[in-house]
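A short write-up of the structure that comes next.
The values are calculated or read from the model by the stated rules, or taken from the named source; none is laboratory data. Remember, it's a predicted structure, so these values are computed and weren't measured experimentally. Cβ atoms come from the backbone with ideal geometry, glycine included; neighbour counts cover every protein chain shown. All accessible areas refer to the heavy atoms of the entire protein, side chains included, with ligands and DNA or RNA removed. Shrake-Rupley method; radii C 1.70, N 1.55, O 1.52, S 1.80 Å.
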2 protein chains.
Amino acid sequence: MTRPSPGPRERLLTAGQHLFYARGVAVGVDALLKEAKVARRSLYEHFGGKDGLVAAVLHRAAEEDLAWYDAALAAEDEPRERLLGLFDRLDELIANDDFRGCRYFASDVALDDPDHPAHAETEAFRRRLRERLIRELEEMDHADPERAANQLHLLIEGTLVMGATQDERQPARAARDLAALVLGGGGA
Amino acid sequence: MTRPSPGPRERLLTAGQHLFYARGVAVGVDALLKEAKVARRSLYEHFGGKDGLVAAVLHRAAEEDLAWYDAALAAEDEPRERLLGLFDRLDELIANDDFRGCRYFASDVALDDPDHPAHAETEAFRRRLRERLIRELEEMDHADPERAANQLHLLIEGTLVMGATQDERQPARAARDLAALVLGGGGA
DNA sequence: GTCCAGATAGACCGATCATTCTACTTGAAG
DNA sequence: CTTCAAGTAGAATGATCGGTCTATCTGGAC
């Protein structure tokens with residue numbers, strides 16, 4: 001009912017989410033319009049330009065990715081198992097053929113203008129991800145949640161980089177073992 | 001004596017090393033020529049094109065960076081202290097104002113053509129870096145050098161990403177603490 | 001002095017880029 | 001039936017891109 005075939009705005013967001021990730025934010029407007037099956041004018045009416053679409057796509061992707069993290073964390077009962085299970089989900093994510101690394105870091109690197117609206121979106125994503133890590137660590141009464149969150153965040157980003165550059169080395173597993181050390185207690 | 005002012009080839013490499021890092025490999029040829037104070041024709045005579053210069057710059061940067069890693073490792077006596085000291089050097093590196101993350105990962109992300117010669121250079125760099133980590137780990141009789149090298153490599157890449165995106169959080173220190181756990185033994 | 005390789009300076013080309021614009025279609029409201 | 005907003009299709013624009021080309025200059029080798 002609420003989806004009598006998505007409108008141009010929705011199709012542009014979907015196409016951007018796919019192409020900006022698969023081919024980078026430097027992908028041409030023509031390719032976006034073709035994949036979204038949308039008229040050129042619609043892009044500028046809805047998003048003001050390509051930069052606006054990039055920011056909007058990152059905003060939507062952040063919502064979905066954070067929901068993905070929430071779902072991954074909700075899959076276990078104990079906070080410690082939840083955080084460790086996160087790296088099992090990352091392992092599956094990396095194994096996907098279309099995995100290309102961290103969307104947000106790639107956008108930051110590609111857009112050298114520090115005032116580009118995309119940077120605010122990537123920064124917000126990282127802040128919200130860190131909030132979730134701290135929440136979990138506090139819930140398990142970790143001695144130093146801030147420090148541990150920094151370490152877990154570093155392990156996540158490192159896993160994504162290693163997964164994008166050399167996938168046969170099972171980086172998520174290496175990161176999981178390190179995460180277990182960060183969280184203390186049993187090794188598995 | 002051996003430097004009666006560097007020729008166009010050398011100036012192009014220097015300019016590329018600077019600009020490809022500071023503004024990304026997507027930087028225009030005109031900017032490169034201007035910074036190198038070199039005629040347009042020289043670029044194509046010496047490197048065949050922009051792609052050739054990108055690959056040549058990555059090759060030279062890899063040599064210098066590996067020398068940097070060697071120097072960092074040579075600063076201490078015990079293999080364990082050497083590897084830990086590496087993260088102290090990374091801490092200083094990140095603190096630099098012009099630090100912009102990992103040059104090789106940024107190049108890989110920016111060049112979506114999988115056949116671009118730059119990818120071979122970045123892959124070679126990572127392989128050689130990993131060889132050094134394994135060498136150190138073997139020298140300190142680590143139980144599982146391969147696995148530990150993967151973990152240390154992941155910590156290094158994670159440190160560079162975190163340093164590029166949020167520098168006030170002292171990622172190198174967090175990584176050093178994790179590295180100490182990887183290496184076993186005393187905590188500091 | 002002559003010659004020539006190598007460098008410089010800069011016009012030029014075709015392709016591609018993001019953006020703007022005009023003209024036409026569609027579908028629902030009044 | 002008319003109206004009007006929203007969408008489509010695609011030409012046109014100006015800028016920028018990497019790459020090619022011509023013309024000129026410079027500094028040794030001979």
Original post:
Does the stretch B:68-88 contain any residue that is modelled with pLDDT of 95 or more and within 14 Å of another protein chain (Cβ to nearest Cβ)?
Top reply: yes
**OP:** Give the residues of the stretch A:103-132 that are in contact (Cβ under 8 Å) with a residue 40 or more places away in the chain and in contact with an Asp or Glu (Cβ under 9 Å, 6 or more places away or on another chain), sorted by residue number.
**Re:** A:Arg103, A:Tyr104, A:Phe105, A:Ser107, A:Leu111, A:His116, A:Pro117, A:Ala118, A:Thr122, A:Phe125, A:Leu129, A:Arg132
Original post:
Which one of B:Ala179, B:Ala110 is open to solvent by 20 Å² or more (accessible area, probe 1.4 Å) and facing chain A (nearest Cβ under 10 Å)?
Top reply: B:Ala110
**OP:** Return the residue satisfying two criteria in turn: it lies in the stretch A:20-77 and is assigned to a loop (DSSP other than H, G, I, E, B) and surrounded by 12 or more Cβ atoms within 10 Å (Cβ to Cβ), and of such residues it is nearest to DNA strand D (Cβ to nearest atom).
**Re:** A:Val38
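Taking the stated definitions as given, is A:Arg126 open to solvent by 10 Å² or more (accessible area, probe 1.4 Å), more than 30 Å from B:Glu123 (Cβ to Cβ), modelled with pLDDT of 95 or more and assigned to a helix (DSSP H, G or I)? Please lay out each step first, then the result.
Numbers: open to solvent by 10 Å² or more (accessible area, probe 1.4 Å): yes; more than 30 Å from B:Glu123 (Cβ to Cβ): no; modelled with pLDDT of 95 or more: yes; assigned to a helix (DSSP H, G or I): yes.
Taking the combined requirement at face value, the residue does not satisfy it.
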Original post:
What tally of residues in the stretch B:149-165 results from selecting those that are closer than 14 Å to B:Phe87 by Cβ and either within 9 Å of chain A (Cβ to nearest Cβ) or not in a helix (DSSP H, G or I) (or both)?
Top reply: 10
Original post:
Would you call A:Gly48 more than 30 Å from B:Asp113 (Cβ to Cβ) and within 16 Å of DNA strand C (Cβ to nearest atom)?
Top reply: yes
**OP:** Check B:Glu146, B:Glu131, B:Glu121, B:Glu168 and return the single one that is of a type in the set (Asp, Glu), more than 22 Å from B:Gly16 (Cα to Cα) and away from chain A (no Cβ under 11 Å).
**Re:** B:Glu131
Original post:
What are the pairs, 6+ residues apart or on separate chains, where a residue within the stretch B:34-63 that is free of Cβ contacts under 8 Å to residues at least 12 places away in the same chain has its Cβ under 6 Å from a residue that is more than 8 Å from DNA strand D (Cβ to nearest atom)?
Top reply: B:Arg40/B:Leu33
**OP:** Restrict the check to the stretch B:94-105 and report whether at least one residue is at pLDDT 95 or above, within 16 Å of DNA strand D (Cβ to nearest atom) and more than 19 Å from B:Ala179 (Cα to Cα).
**Re:** no
